[in-house]
Amino acid sequence: MSLSEEQFALEVLPQILENRYGYKLCFIERDILPGGAYMDDVVNVIKRSRRTVVILSPNYVNGPAMFELEAAIKTALEFTTVKLILVEFKPCQEPESLPCKVKKALRILPRITWKMSTSPAGNKHFWKRLRYHMPVKRIKRTEDKSLHTFLPPVTGLDSRKPPY
């Protein structure tokens, strides 16, 4: 089964990053209300984000959505709290018409390559690299999940004998 770019972006990423790792993702297709000024909405979402993940594919780099990448680059240069992560879903040739700043950003920004595997979760190296570039996720501990619940109980130890 071949995974489409849209399935990867709208199904696989949220399944792993939101459900498994607890990140809050914003997808223009899913989370932006229609009827607003599209360009302004995109820029405002990028400004409020700590990371912007751009999925690169032939459809993306040759389509009208390149505005999103340009806006993300401009915002990252303006606001140092915004970081960009490039995910290469399929190899693609960058168009000659790209602005110089975008071409330079494509060369220097972190780029993580998606490799097709039998299951999206099976691409462990990809998820590890992506999480490395994501903000640190704090694990919330509840009272019943304290450190001692992870350690086996110590029984039958005699203080006079070594435990082996």
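The values are calculated or read from the model by the stated rules, or taken from the named source; none is laboratory data. What you see is a predicted model; the values in this text were computed from it and never measured. Cβ atoms come from the backbone with ideal geometry, glycine included; neighbour counts cover every protein chain shown. Remember, those area values only see protein heavy atoms, side chains included, never the ligands or the DNA or RNA. Shrake-Rupley method; radii C 1.70, N 1.55, O 1.52, S 1.80 Å.
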- Query: Only one of these conditions is not met by LEU84: (1) assigned to a helix (DSSP H, G or I); (2) open to solvent by less than 70 Å² (accessible area, probe 1.4 Å). Which number is it?
  - Reply: (1)
- Query: Identify, please: which residue in the stretch 1-31 is open to solvent by less than 40 Å² (accessible area, probe 1.4 Å) and over 17 Å from PHE126 (Cβ atoms) and is, among those, modelled with the lowest pLDDT?
  - Reply: PHE27
- Message: Please go through the stretch 87-110 and give me each residue that is of a type in the set (D, E, K, R), more than 14 Å from HIS133 (Cβ to Cβ), within 20 Å of the chain's Cα centre (by Cα) and not in a helix (DSSP H, G or I), ordered by number.
- Response: LYS90
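Mind listing whichever residues of the stretch 88-105 are open to solvent by less than 50 Å² (accessible area, probe 1.4 Å) and either touching a residue at least 24 places away in the same chain (Cβ under 8 Å) or touching a Phe, Trp or Tyr at 6+ places or on another chain (Cβ under 6 Å) (or both)?
Within the stretch 88-105, GLU88, PHE89, CYS92, PRO95, LEU98, VAL102, ALA105 meet the criteria.
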- Message: I'm trying to understand the selection: among the residues of the stretch 34-59, which are under 19 Å from VAL102 (Cβ atoms), of a type outside the set (A, V, I, L, M, F, W, C) and touching a residue at least 40 places away in the same chain (Cβ under 8 Å)?
- Response: ARG51, SER57, ASN59
- GLU70: of a type outside the set (Ser, Thr, Tyr) and part of a helix (DSSP H, G or I), yes or no? yes
- Test each condition in (1) open to solvent by 50 Å² or more (accessible area, probe 1.4 Å); (2) farther than 26 Å from LYS128 by Cα; (3) among the hydrophobic types (A, V, I, L, M, F, W, C) for ALA65 and report the one that comes out false. (1)
- Would it be correct to say that THR113 is more than 21 Å from GLU11 (Cα to Cα) and not basic (Lys, Arg)? no
- Message: Under 6 Å between Cβ atoms, which residue pairs at least 6 apart in sequence (or on different chains) link something in the stretch 60-87 that is basic (Lys, Arg) with a partner that is open to solvent by 10 Å² or more (accessible area, probe 1.4 Å)?
- Response: LYS83/ARG51
- Only one residue in THR113, THR52, THR81, THR75 is more than 16 Å from the chain's Cα centre (by Cα) and either modelled with pLDDT of 85 or more or among the hydroxyl-bearing types (Ser, Thr, Tyr) (or both). Which one? THR75
- Task: State which residue pairs qualify: first residue touching a residue at least 24 places away in the same chain (Cβ under 8 Å) and inside the stretch 6-30, second residue assigned to a helix (DSSP H, G or I) and basic (Lys, Arg) in any location, beta carbons under 8 Å apart, and separation of 6 or more residues or different chains.
- Result: TYR21/ARG131
